[in-house]
Amino acid sequence: MTKRFILPIVLLITVLFSLESTAQNSTKKRSSSNYSNGSNFYINTGVGVNTRGVPFYLGLDYNGVHPDISIGGSFGIHNYKHYHKNYHHGYRAWNLSFNGNYHFNRILNIPNNFDFYAGLNVGLYCYNDRRNHPIDNWSYFRIGAQIGGRWFITEKFGLNLQFGGGTQYSGGNFGVTFRL
């Protein structure tokens, strides 16, 4: 992760924690026993953090397995160009992964407009050089871990921030979540 991404992430975390006290005052009547707030599906989308461009992702989580466990999947794609003094060419990387997360809201007594989770992922990561050079085209299965959180501004809409590795194309993701 480059230094140019550290400051925005620190600012985002600071803003989220400063808004937490305001949100707690408005959510005192909300239950803290279940992060899903009665929703079985979440849609997540956003951008990743990468040193070479901006990756995009789209995911779906299912929360009906257990009150504290979710399973899901995501698809991400990342296009970028590599410039060298003598040439330039494009690359494309994409991933398809499945994940399982444990949500800590109940055991940490966190209000349900916040969601703090950690888990594992497994999936396929593919990379190709658009010049179709055989050495620069590869794919493999990977196993990784992630940790993240969501802050729901309304009952159905929230912001998400996740860090992790393995099948992801970036070290972190930031985006929006929709409860269905």
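No value in this document is a laboratory result; all are computed from the given coordinates. The model shown is predicted, which means the values in this text are computed figures rather than measured ones. Counting neighbours? That spans all protein chains shown, and the Cβs are built from the backbone with ideal geometry, glycine included.
Which ³J(HN,Hα) values in Hz, rounded to whole numbers, follow from the phi angles of the range 92-97 under the Karplus curve 6.51 cos²θ - 1.76 cosθ + 1.60, where θ = phi - 60° and Gly and Pro get x?
Rounded to whole hertz, the list is 9, 10, 8, 9, 10, 9.
Measure off 7 Å from each Cα along the Cα-to-Cβ vector at Thr154 and Tyr140, then give the distance between these two points in nanometres to one decimal.
Output for this residue pair reads 4.4 nm.
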